[in-house]
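Scroll down for the structure; my scribbles are underneath it.
Derivation of every value follows stated rules applied to the coordinates shown; laboratory data play no part. The structure presented is a predicted model; accordingly, all values stated were derived computationally and were not measured. So basically every Cβ, Gly included, is an ideal-geometry build from the backbone, and we count neighbours across all protein chains shown.
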Amino acid sequence: MADQPVIERFRAWMSERQLPLTPQRLAIAELLLNSPRHLSAEELIESLASNGLKVGTATVYRTIDVLLESGLLVERDRGEGFRRFEPQRELPHHEQLLCTVCGRVEEFRDAALERMTSRVAESHGFVRERHRLVIYGTCADCSRVADPAAAEARS
């Protein structure tokens, strides 16, 4: 099942459990599972509406719960007062760069960073189990829009 496109894995998961896969649920799943951003429920509803799909709030939250249960979606809390959701990618542990302007998330791995977190933990007598690093800033595209002259000088 892991080699299937994510939306097909969702279809199969729903079918195995004999759960109805309505057009609304499918639209919600496609948007969440293919988004380059970590969307909130409100952003999801706005995006659906901008695509001409009116979907009830209860349907959105129920579908999010189903996607979380399926393991295809992960909940993130950035301390904003609401939850965001990201597709569960089959990546090893990774860090994230988060654009505070457009919300784009870029995932990366860095072996030196992994070694450093282990050294820091060990130096404090701590046995590291896991960590999470999110670097907040402005992506290259948003930087160019905000200050084209400065972006050109950096190139």
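Sites listed here are trypsin sites (Lys or Arg not before Pro) in segment 27-126 whose DSSP assignment is loop and whose Cβ has at most 13 other Cβ atoms within 10 Å: 54, 78, 89, 109. D for segment 6-87, whole µm²/s, Stokes-Einstein with Kirkwood Rh over alpha-carbon pairs at 4 °C and 1.567 mPa s: what number? For the chosen part, D equals 102 µm²/s. A DSSP coil position with no more than 15 other Cβ atoms inside 10 Å describes the following GluC sites (Glu not before Pro) in segment 97-147: 129. Checking every one of the GluC sites (Glu not before Pro) in segment 32-93 against DSSP loop status and a limit of 16 other Cβ atoms within 10 Å picks out 80, 90. Relative to the dominant Cα principal axis of the chain, helix 23-34 is inclined by about 10°. Enclosing the Cα atoms of segment 95-154 in their convex hull gives a volume equal to 105 cubic angstrom per residue. In degrees, nearest 10, range 0 to 90: what is the angle between the Cα axis of helix 41-50 and the longest Cα principal axis of the chain? That helix lies at roughly 60 degrees to the long axis.
Helix 6-16 and the longest principal axis of the Cα set of the chain meet at an angle near 40°.
Which value in Å is the Kirkwood Rh of the chain over different Cα pairs? Taking every pair of different Cα atoms in the chain, averaging 1/r and inverting gives 17.9 Å.
Modelled label positions at residue 146 and residue 112, each set 7 Å beyond Cα in the direction of Cβ, lie 2.5 nm from each other.
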